[in-house]
Every structure is written in structure tokens, then in C-alpha cells.
1. Being within 17 Å of Leu289 (Cβ to Cβ) and either open to solvent by less than 10 Å² (accessible area, probe 1.4 Å) or part of a helix (DSSP H, G or I) (or both) is the filter here, so list the residues in the range 123-140 that pass it.
2. Among the numbered criteria (1) of a type in the set (D, E, K, R); (2) open to solvent by less than 60 Å² (accessible area, probe 1.4 Å); (3) at pLDDT 80 or above, which single criterion is violated by Arg186?
3. Name the residues in the range 314-348 that are in a helix (DSSP H, G or I) and open to solvent by less than 30 Å² (accessible area, probe 1.4 Å), would you?
4. Any residue in the range 371-383 that is touching a residue at least 12 places away in the same chain (Cβ under 8 Å) sitting within a Cβ distance under 7 Å of a residue that is open to solvent by 60 Å² or more (accessible area, probe 1.4 Å)? List the pairs, counting only those 6 or more apart or interchain.
5. Read through the list (1) outside any loop (DSSP other than H, G, I, E, B); (2) within 30 Å of Phe668 (Cβ to Cβ); (3) at pLDDT below 85, then give the number of the only condition that Ala579 fails.
6. Does the range 336-359 contain at least one residue that is under 29 Å from Ser660 (Cβ atoms) and either of a type outside the set (Ser, Thr, Tyr) or touching a residue at least 60 places away in the same chain (Cβ under 8 Å) (or both)?
7. Could you list, in sequence order, all residues of the range 294-311 that are in contact (Cβ under 8 Å) with a residue 24 or more places away in the chain, more than 28 Å from Phe152 (Cα to Cα) and open to solvent by 10 Å² or more (accessible area, probe 1.4 Å)?
8. Exactly one of these conditions fails for Ile393: (1) open to solvent by 10 Å² or more (accessible area, probe 1.4 Å); (2) at pLDDT 95 or above. Give me its number.
Amino acid sequence: VEKYNEALVQFEVIRSAINSDELLKKIYKKYDLDEVVASVFTNNYYKAETISKALLSYEKTKVGDSHSRTAFAQAFYAIALDGQNKKKEAKENFANSIPILIEYVRNNSESQTLSLKNQKRFKIITETYINLLFDEAKSEQKSDLNSINQAFLLADIARGSSVQKAVAQSTARSTVKDSRLSDLSRKEQDIQRRIGSLNELLLVISHSASDRSSDFQSRINNEISDLKSERESVKNSIKSSYPEYFDLIEPKPITIERASKLLKPSEVLVTWYIGDRKSFVWAINHNGLSGFSILNINNRDILRDVKNLRKSLDPGVTSVDEIPAFDVTLSFKLYNSLIKPIESSLNGKELLISVPHESLGQLPISVLLTQAIKQPATGSNTFSGYQNAPWLIRKIAISQLPSVNSLAALRVGQSERLNKQNFIAFADPYFSKDQANAATKNQITQLSTRGISLNLRSVPKTSKVSSAELGLLPRLPDTSLEVIEIGKILESKPEDIFLHENASVKKVLSTDFSKKNIVMFATHGLVPGELNGLTQPALALSAPDVTGESEGDGLLTMDKILELKLNADWVVLSACNTASSANSSEALSGLGRAFFYAGAKALLVSNWPVETISSRELMVDLFKRQIGQNKITKPEALRQAMLNIADKGSAKDEKTKAISYYYAHPLFWAPFVMVGD
């Protein structure tokens, strides 16, 4: 709970108890690294130096110079020195400890054995060292920004996520022509998945104190150990025989120089590192570093502001008139905090490649305002007040990446992709027999709402429902029209559009996706806990009692997606909350990670439940623009489609065709984000 002053008092009590008992002296260390952390956060750097120096000496004696425990002690010793302005000594100690800690964090993150405490410690260390490097960079010549390059490398490593690794793996696998390499690649990835599953199982049974559970844990640990040895053997085989491929699945840290060479003249890459005390931003173009800045905003600030902005984007209401006003003042404030310091780097560019961090990944930066505007009032009749507003998306197209390193992974093997636009879609499943029967009679049941109904592709709130089954999900009949219209634009074959009972898990798993470069799922996206027994993210497809499947539950879960073999330029998830993440602030959910792993190059995902009609119009317009104009990029097509909906889109009365309200509120036009390349 971060009560550091109280913690320091207790550490003194503990130390007194240890010093008064000879047996305790033999069992326990005199100092604890947590006391160093508490001293740092209470600005008692002299005390932090004394304790961390003693711990460093102790750990070197016990476990050696290269152990992670020694490295943590040395890094906090560096923090204590930095707090006393002993910059040169601090940098030397950081330089010695950081490489060891990076390797430790990488290995333990992969196997999901990195404790929350050590995650927190590593974040404190990373932020402090980046801040030291930024301060040092201010005194360097522009042509010799070694410090800012070091900070950039460290930030991308620290920010790197399982998404980035999935991007590298799927891209690498999609370029494989050698059958032996393909087998080794899949084997290495599957072994790591098994290790992850076993670690999850260990967490579940670790709370049991029975002898039987202890034996079970021992057996699982032995199996994990054997799998790790097997994985290392496979990786060594890949490394020796296919060194270039190995560089993709185990990517080296990417420098500013290398990143700049991957960028086109029309692109600018903007990456953030969000810290607990300060934050940092870099802007890079094809010529190199174009801007950098320390930001006086921290993770708590951004988490609060993002949460407040999302209140009007994911409001959980059932009628249009209940949609809260979007806070334009807060939107402009976030722009000034996050982008204004490197704003000049956007001039003359057509695409902003965003690499967000922490809670910033939960908000599309397209909704940030570049200028102050008057706050529109609440209510559907005021949505026109958002029309032609100076959104960031008006200035530049935007795409998103999970890490800088993923840019390199994605842009290797571009020439290996399919040239022709081959489309396949799954939409409008029947979640129960009642829905299927009603559909044959052209009956669609809608909830009665106050005012104009807000038709969101959202799932019912099930937190207070004792039994939440697939049949509770409402049909999405509008998605049939959506994929059929897109299919016409892309000149797809009728047999490549799977609707109703044909939008089934069995159809998906039995489909050959190798020649399909646009894959679309227009259905509900689910997070763990929304339905009975659902423990992983999933897409809802037709119920087994509708499709006649003897097994299954109608859910295309994350583990099933991982088994797909895609060769897709992009996967479109026209569903609700497919970019949200229940247990993480990553920009992508488990669904995103799974599709990258399976072979997707880019994803179009939504950040909140989309309104079904405006979403359909946006999707159709997006594909028309990309196909209709020469060499238009996916992000630019999305930008144009979003602005068309924001400035000109409207809901009309079905009978009179009169405008009921405008789609200018960001809830309607801004949910989608392009992730990948």
C-alpha cells in the first residue's frame, strides 16, 4: 500500500529484534531491499545508499556478481547515488546491473514467474536510469546523443510485452519456406505455451497446503524444468542452422538509428515510457531522432484522465440521450501533456506510428484535440457540436504498435505477403435455437429503452447473473449486411462469407486461411468471466445446438485461435471490446496476442462496444476507400472513414429519413484502432 514512512519504522523494529538475538542474526540478513525502496520514496537517499551498499556486498559474497539479487542491490545503490547527485557513480552502477536485470526480467516474464514485487522494482530502476540519461542528454551535442539512445533502448526493452514477441514469432513463421525450420519454430512456440500453462496451474494449486498438492507441485516443477531444457535445445538448433530467423524470434534491442531506417519519409514514430514519477517521449523519423522530452505527468495522472475520458466512450447506457458529453478540455490537456512537446515532429508527415505504454494504451490518441474548443452539452441534439473539431486524426493518420521492436519484426518479409485481396468473414451467429427460429420468421427482439435506442454490440452485464450462457448474447443482424457489403467491394466469393449457423467454431477450425489476407469476425468479443466457465478471451460464434456440433461451446477461445495458421495482412475484429484488456494495460487483449501469434500482420480492433449502424457504415467506407484509391494505406483509409462519419455521419428515422442525431460524438467514430503494420 506504499506507506513508506510507516514501513521504515517497522524495519527498525525488526532490525532491533534481530540484533538482540544471536540465532536470528544467523538466519536473517541485517538489511532488506524493501527498506531501500522505502528510503528512496521518502527521499532518504543517504540511508538508501548505506543499506544498498551493504546488501550489494552481502549478495556478491553469497551469490556472485552476475546474480539477479546482486544486480537489484547494485541498481538500487545507483538510485541512491543518483538521488544525491552523484551522477557518474550512479551511471557506472546502472551500467553494470541493468544488463543482468534485463535478462532476468525477459526470462521470467516468458515463463510467467516474475513476481509483482520484482516487476515494481525493475520499473523503479528503469524510470530512474532513463531520467538520468535524459538529464545527461541535455548537455550533449545534438550530433552525439548517446544518452538518449541508451534511454530509448532501455525503454523499449522494459515496455516490451508478450504482444511484441507474438508479432515477431508470427511474422518470422510466415516467411518460413524450409519445412524443418517451420517445424522447429512451431515446436519452440508450443513448448513455451505449455510452460506458461503449467505455471498458471502452479499458481492455482500453490494455495493448498496438503501433502498431495505438494507432490503435484513437485511433479509440475519437474515437467517445467524438462520443458525448459527441451526448449533451449530447440532454440539452439534454430540459432545454429537459421541465425536470421533466430534474430526474429529473439529480437535484439532496436536502436534509434535502426528504427529510423525502417521508417518511410512520410512516417513519424512516437513512443512513450510512462513512469510512476515522470514520463518520457521520443519522436523518430527516417532521418533519425527528431524530438524527445521529459513529461511532467505520471502513470496515476494518465490512468485518471484516460478513465475520465472513457466514461463518455464506454458509458454503459441504453439510449442515445444518456450518452455523457465527451470532455474536450481534458482531451486537449492530454494532448498538451503527451504530444505538444514533440508536436513539430509531426509536421509534413502522413502517418503517426504510436507506441503507447501503460494506461495510455486504453485510449485511441485519435480523440485528442489539438486545439481548445467549446464544450458541447449533454444530449443527442448537441452532437453536432463535435463536428469538424480539431481531432488529432484530422491532422495525421494513426497506427499503433505494441513496441518499437515489433516494427522491425513486421517489416521483415513484406514481399512475402499475398498480393490479391482475398476476403473471408464470419458474422451474425445464432447464439441459441430461439434466435435461429426467430430469424426464420424475420423476428428480431430489441430491448425497450428510453428515448432513441443505442444499439451497441455489447454483451449483457452478467456480474449479478447466477448462470450466464451463450444464449444470453443478443444477435447482431446488422453484421450480416456489413460483411456482405464488404465482400462485394472486395469481390469475394459467396462461399467465403459464413453467416448464422455457418459462423461456427467448427467452420473456423476447418478453414484453410493460407490464401486469405483479410479475415473478419463480426461478433461479440468476450473477456474471462462474462459467461459460465469462460477463463480466457473469446469470440462468440453459433451455439452447438444450432450448428449440430456434437462437441464444443460455440466459443472461439484464445487457445483455439493460437492453433490457426494465418497469412493475413490484417484481421478485422468488428466486435466489442476486442482491444480492451481485463488484467493489463497493454494495447491489446489476449485475442490480439492470439491473432498475432497465428500469423496476422495487422489488426483492426475496437476499444469499447461499438454502435452497430455507424460501425457498419465506417467499415464499409473503410474498404471502399482502400480499394478505390491507388496505394492508400490502411491507416489513411481508416482516418478518412472516421472523419467522414464524424463530420457527416448521422442516424436517420427509418420511416421519414429525417436526421435523428449526428455521429460526431467520438463514441461513434473513434472506437477502432489499427494495430500492426
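The values are calculated or read from the model by the stated rules, or taken from the named source; none is laboratory data. Everything numeric here is computed off the predicted structure, so don't read it as measured data. For neighbour counting, all protein chains shown are included, and Cβ atoms are generated from backbone atoms with ideal geometry for every residue, glycine included. Calculation scope for accessible area: heavy atoms of the full protein, side chains included, ligands and nucleic acids excluded. Shrake-Rupley method; radii C 1.70, N 1.55, O 1.52, S 1.80 Å.
1. Let us first name the residues in the range 123-140 that are within 17 Å of Leu289 (Cβ to Cβ), namely 130, 133-140.
Answer for the range 123-140, where residues must be within 17 Å of Leu289 (Cβ to Cβ) and either open to solvent by less than 10 Å² (accessible area, probe 1.4 Å) or part of a helix (DSSP H, G or I) (or both): Ile130, Leu133, Phe134, Asp135, Glu136, Ala137.
2. For Arg186, the exception is condition (3).
3. So the first thing to find is which residues in the range 314-348 are in a helix (DSSP H, G or I), and the list is 320-322, 328-338, 340-346.
The answer is Val320, Val328, Leu330, Ser331, Leu334, Tyr335, Leu338, Ile342, Ser345, Leu346.
4. From the range 371-383, the pairs are Gln375/Thr329; Gly379/Asp321; Ser380/Asp321; Ser380/Ile452; Phe383/Tyr662.
5. (1)
6. Going residue by residue through the range 336-359, those that are under 29 Å from Ser660 (Cβ atoms) are none.
No; the residues of the range 336-359 include none that is under 29 Å from Ser660 (Cβ atoms) and either of a type outside the set (Ser, Thr, Tyr) or touching a residue at least 60 places away in the same chain (Cβ under 8 Å) (or both).
7. Arg310
8. Here Ile393 clears every test but (1).
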